[in-house]
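Visitor: Take a look at this one; I'll ask things after.
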Amino acid sequence: MKAIAFLALLVCYASSVHSNNGNYSWEGPDSANRVQPPGPGENVCLTDTASCGCCLMQQTMHRMEEFFNMSLGELQHSLSETRSVLNNMRASRSAFSVALTDHRWCLGPFLSDEVIIYRHVFLNLGGNYNILNGIFVAPRSGVYSLSLTVYSDSGSAGSHLAACATMMVNDQPAAILRDLNSQDQEDSSTSVQALMLSAGDTVSVVLPKGCFLCDSGNHYNTFTGVLLYSTD
């Protein structure tokens with residue numbers, strides 16, 4: 001804008017010099033031909049016909065100023081909307097991934113169903129998985145990816161294997177993994193689902209009575225959940 005204003009002044013000056021037809025004295029341009037400055041509120045383009053170029057430049061500067069102000073306003077609005085979207089994305093991030101244990105250990109069997117509390121945490125983004133009670137609480141309504149892998153080892157060939165677990169959503173079964181036999185010493189199974197959850201819904205894994213899971217630092221038993229996108 002400063003460059004445009006400077007150019008306008010040069011045009012105005014050139015127009016003024018040209019209109020005086022080269023009549024100069026020791027006092028400068030002929031005072032009789034001098035253009036008197038406009039009075040307060042008077043339009044220079046109406047008082048000096050030689051300043052047409054200056055008038056056009058002023059109009060061009062005014063249009064450019066309006067354009068720049070409008071563009072700046074649009075950019076500020078777009079920046080505000082972008083920041084709002086980014087803040088919403090940061091607030092909606094939720095993901096967890098946990099494993100049964102860090103050392104060789106077996107859980108169960110029990111005389112009743114028990115919620116599995118996974119002791120090793122790979123990730124708990126948002127802190128929505130409770131490491132004290134083993135329950136994940138959905139922070140927002142949306143589509144979640146939930147996966148469960150169970151593994152067990154009966155200890156020896158011919159021994160009874162009972163590798164089983166149930167993923168529960170609001171105390172209702174969402175996935176049932178069950179492997180009961182005496183032919184396999186060890187076995188595993190996996191379930192992956194995309195589920196629509198509402199804010200406040202709970203997800204947990206239950207070890208049915210009579211079943212047992214064995215693990216080690218290899219982390220064979222895992223429970224994972226990720227918010228794919230929110231719908232609220």
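Visitor: Looking at segment 129-139, which of the residues that are open to solvent by less than 40 Å² (accessible area, probe 1.4 Å) and not in a strand (DSSP E or B) is farthest from Thr166 (Cα to Cα)?
Guide: Taking the candidates together, the pick is Ala138.
Visitor: Still on this structure, please answer the following. For segment 117-128, does any single residue satisfy the condition of being open to solvent by less than 70 Å² (accessible area, probe 1.4 Å), assigned to a loop (DSSP other than H, G, I, E, B), farther than 19 Å from Gly200 by Cα and not aliphatic (A, V, I, L, M)?
Guide: yes
Visitor: Tell me, which strands (runs of 3 or more DSSP E) wholly within segment 186-232 include 1 or more residues that are closer than 22 Å to Trp105 by Cα and either open to solvent by 50 Å² or more (accessible area, probe 1.4 Å) or out of contact with any strand residue (DSSP E or B) (no Cβ under 8 Å at 6 or more places or on another chain) (or both)?
Guide: 186-197
Visitor: A further question on this structure: When Ser92 is evaluated against the numbered criteria (1) more than 14 Å from the chain's Cα centre (by Cα); (2) modelled with pLDDT under 75, which criterion, by number, is the only one it fails?
Guide: Unmet for Ser92, out of (1) more than 14 Å from the chain's Cα centre (by Cα); (2) modelled with pLDDT under 75: (1).
Visitor: Next question, about the same structure. Out of (1) open to solvent by 30 Å² or more (accessible area, probe 1.4 Å); (2) among the acidic types (Asp, Glu); (3) over 17 Å from Ser204 (Cα atoms), the odd one out for Asp153 is which?
Guide: Condition (1) is where Asp153 drops out.
Visitor: Just one of (1) aliphatic (A, V, I, L, M); (2) farther than 13 Å from Leu146 by Cβ; (3) open to solvent by less than 40 Å² (accessible area, probe 1.4 Å) trips up Met168, so point out which.
Guide: Here Met168 meets the rest and fails (2).
Visitor: Which of the residues that make up segment 134-163 are in contact (Cβ under 8 Å) with a residue 40 or more places away in the chain, more than 22 Å from Ser230 (Cα to Cα) and out of contact with any Leu (no Cβ under 6 Å at 6 or more places or on another chain)?
Guide: Gly134, Thr149, Tyr151, Asp153, Ala163
Visitor: For segment 161-185, what are the residues that are closer than 18 Å to Pro109 by Cα and at pLDDT below 80?
Guide: Leu180, Asn181, Ser182, Asp184, Gln185
Visitor: Could you please let me know if Ser71 is of a type in the set (Ser, Thr, Tyr), exposed (fewer than 12 other Cβ atoms within 10 Å of the Cβ) and modelled with pLDDT of 95 or more?
Guide: No.
The values are calculated or read from the model by the stated rules, or taken from the named source; none is laboratory data. Keep in mind that what you see is a predicted model, and the values were worked out from it rather than measured. All Cβ positions, even for glycine, are placed from backbone atoms using ideal geometry, and neighbour counts span all protein chains on display. To get the accessible areas, we keep the full protein, side chains included, count just its heavy atoms, and leave off ligands, DNA and RNA. Shrake-Rupley method; radii C 1.70, N 1.55, O 1.52, S 1.80 Å.
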